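Just below is one structure, and these are the notes that go with it.
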Amino acid sequence: MATGSFSSLPKRLRMVENFCCTSCLEQNLEESADIYCETCLRFYCKKCVIHHGQLFTKHKTCGRGDIQKWPVLKAEEDFLRMCEFHEDKTLAQFCHDHSQLCCSDCVLTIHSQCSKVTPILELTNTQHTDLQGLSVELETVLGEVKSLHISQELSVQSLQGTYKEHKAYIKKQMLVHINTTIDECVNSSVSTSDKNEQYIKEEMCRTVLSILNEFDNITVKELNEMKDEVISIKGSVTSLIHKCAGLHNDLSQFHELVQKIGDNKELCLITSIKCKPIIQQAWTLLGKSAKVFNVEGNSEHNVRIPSDLCYMTGICVLPDGQILIADYNKKKITLLDQLFKVVSHCGMTARPQDICLITPSKVAMAVNDLKTHEVQFITVTKSQLIPGRKFQLQHRCYGFAHHQGDLFICSGTVLFKYSLSGKQVCRLYVDKSDDCTVYRCAVSPTGDKLYITNYSQDKLLTLARDGTLLATFTDPALDSPEGVHVTPAGQVLVCGHWSHTLLQVDTEGRMTLATLATQEWDGVLRPVSVCYSIPC
């Protein structure tokens, strides 16, 4: 349902200061009102209220601290009643089919075929509006949107530092390499003839030039690749910041109006109906949708290349609908089109464990073997898989997730936080009571929660961004949990490997909301990974 925006309301009408002293206005002066008299129904500024108080000592007045008792301005009331589609018309009816307020023109054009359209006045007699509850919800969501806005701005600052930090580190490495080479050559030139010394100097120059060429040909390419990643991520974060600002503005204006509507039942109902979709947009942006999935059917797709024996340990969907699968057995990553047909594949240096999206066209692979532990970046271009830069790890890598330039990597017993450059930032969570207590992970859309599967002890853990344990979830249907995934709207999906189930868990990580698939009803067998995407 489309909703009106306060961007169409003049800014001067959106300020608390838009209440002007009635006495001053009668003299063609504009002075901000500080008091409203409920007895004579007039506004007074600081000067005029003195005279009013002297003349009418028994009148009941209220100041800005009780602004909810002040009457709604006509301009604000006109805005609330104005139709979004026909600005010269007033909202008068409500369409139950579309859950939408409408004017007389809307009824004739848009809702002429609808089964039930009710006058707003009639609704006010049957539909109760909890204005206090609405105010509390607006205040709650406003606080969360503001917090998200601040955290996103901090993420942009962090991203800007990531590339600069990595660039400085690479340059430092190059200088160390050059200085080491020069020192070795200087040490070799001690007690040598002039002819040999000249040869060593020439060799030293050749070696330094070789180092510089390698830097130009390989390292500069790697730096440019990382710069592109940072720019892409920064763009999506900036877009989210703009959405936060827009929603915060609209929610703030409605929150202000709710405080001033009073007992006008019609305006209360209109405001409540207009608020709901904006509040829902905010909860979706915050990744806190309460929607429970209902699986209506399933289908199987053979993605195996002839002679292959697939073991899919990770899955990821690109924004364009193409699908990437990590094939553990064949040490490769496979690309499928929107119809689940294999279009490309690429070999890995070791067995891929997990995969996550970095930018709309780039993913990172968690590659793990007896001796090899690394993160490999891969770009998808024109349905082709192009390996990019990679960095080594000093520990195993079973699962990982990405959020705005931060990589969260599970080693089996430790959850690490890394930067995109490969720098280990910190250890967020440690549990060495068994071998696979920190196995796979997923991060909420806003980055405030991390979900960890404890394979060894049949648990799903919910952590705060700083690694604080918030909740521990167990369920008989969650035997040896492996893959965990969070949808863009915040729904949490987790695989029970040996229970052959797929569950939806609440965002707090405390209870099962739905059993989405089982072996008995859906043929699910030992699920390892799960991913949700909105159809293109």
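The values are calculated or read from the model by the stated rules, or taken from the named source; none is laboratory data. Quick caveat: nothing in here was measured; it's all calculated off a predicted structure. So basically every Cβ, Gly included, is an ideal-geometry build from the backbone, and we count neighbours across all protein chains shown. When the accessible area is computed, the model is the full protein with side chains, heavy atoms only, and any ligands, DNA or RNA have been set aside. Shrake-Rupley method; radii C 1.70, N 1.55, O 1.52, S 1.80 Å.
In region 94-102, the count of residues that are closer than 17 Å to Ile273 by Cα, in contact (Cβ under 8 Å) with a residue 60 or more places away in the chain and open to solvent by 70 Å² or more (accessible area, probe 1.4 Å) is one or more. The criterion of at least 1 residues that are under 21 Å from Asp354 (Cβ atoms) and among the aliphatic types (A, V, I, L, M) is met, among strands (runs of 3 or more DSSP E) falling completely within region 464-503, by 481-486, 492-496. Would you point out the residue of region 343-360, among those that are farther than 17 Å from Ile386 by Cβ and under 30 Å from the mean Cα position of the chain (by Cα), that is most open to solvent (accessible area, probe 1.4 Å)? Once the filter is applied, the top-ranked residue is Arg351. Output yes when any residue across region 94-106 is charged (D, E, K, R), within 22 Å of Gln253 (Cα to Cα) and over 38 Å from the mean Cα position of the chain (by Cα), and no when none is. No, every residue in region 94-106 fails to be charged (D, E, K, R), within 22 Å of Gln253 (Cα to Cα) and over 38 Å from the mean Cα position of the chain (by Cα). Evaluation of Thr334 against the conditions (1) part of a loop (DSSP other than H, G, I, E, B); (2) among the hydroxyl-bearing types (Ser, Thr, Tyr); (3) modelled with pLDDT of 90 or more shows that the sole unmet condition is (1). I'm trying to understand the selection: among the residues of region 320-342, which are of a type outside the set (S, T, N, Q) and open to solvent by 40 Å² or more (accessible area, probe 1.4 Å)? Asp320, Tyr328, Lys330, Lys331, Leu339, Phe340, Lys341, Val342, listed by residue number.
Output yes when any residue across region 82-90 is of a type in the set (Lys, Arg) and either closer than 26 Å to Tyr36 by Cα or touching a strand residue (DSSP E or B) at 6+ places or on another chain (Cβ under 7 Å) (or both), and no when none is. No, there is no match, as no residue in region 82-90 is of a type in the set (Lys, Arg) and either closer than 26 Å to Tyr36 by Cα or touching a strand residue (DSSP E or B) at 6+ places or on another chain (Cβ under 7 Å) (or both). Assessment of region 477-496 against the conditions (touching a strand residue (DSSP E or B) at 6+ places or on another chain (Cβ under 6 Å), under 23 Å from Asn294 (Cα atoms) and open to solvent by 40 Å² or more (accessible area, probe 1.4 Å)) yields at least one matching residue.
For region 106-122, a residue qualifies if it is farther than 17 Å from Cys275 by Cα and surrounded by 14 or more Cβ atoms within 10 Å (Cβ to Cβ), and the qualifying residues are Cys106, Val107, Ile110, His111, Cys114, Val117. For region 312-331, residues that are closer than 23 Å to Ala442 by Cβ, free of Cβ contacts under 8 Å to residues at least 40 places away in the same chain and not in a strand (DSSP E or B) total 1. One residue stands out in region 393-434 among those that are part of a strand (DSSP E or B), open to solvent by 40 Å² or more (accessible area, probe 1.4 Å) and touching a Ser or Thr at 6+ places or on another chain (Cβ under 8 Å): the one that is nearest to Met365 (Cα to Cα), namely Val425. Considering (1) open to solvent by less than 40 Å² (accessible area, probe 1.4 Å); (2) touching a Lys or Arg at 6+ places or on another chain (Cβ under 7 Å); (3) of a type in the set (A, V, I, L, M), the lone condition that Leu460 does not fulfil carries the number (2). Looking only at residues of region 253-297 that are of a type in the set (Lys, Arg) and not in a helix (DSSP H, G or I), we find that the one that is most open to solvent (accessible area, probe 1.4 Å) is Lys291.
Which members of region 445-463 meet the condition of being of a type in the set (Gly, Ala, Ser) and either assigned to a strand (DSSP E or B) or at pLDDT below 95 (or both)? Of everything in region 445-463, just one residue is of a type in the set (Gly, Ala, Ser) and either assigned to a strand (DSSP E or B) or at pLDDT below 95 (or both), namely Gly447. Return yes when Leu503 is open to solvent by 40 Å² or more (accessible area, probe 1.4 Å) and not aromatic (Phe, Trp, Tyr) and no when it is not. Judged against the criteria, Leu503 is not a match. Among residues of region 1-31 being of a type in the set (Ser, Thr, Tyr) and modelled with pLDDT under 85, the one that is farthest from Gln280 (Cα to Cα) is Ser8.
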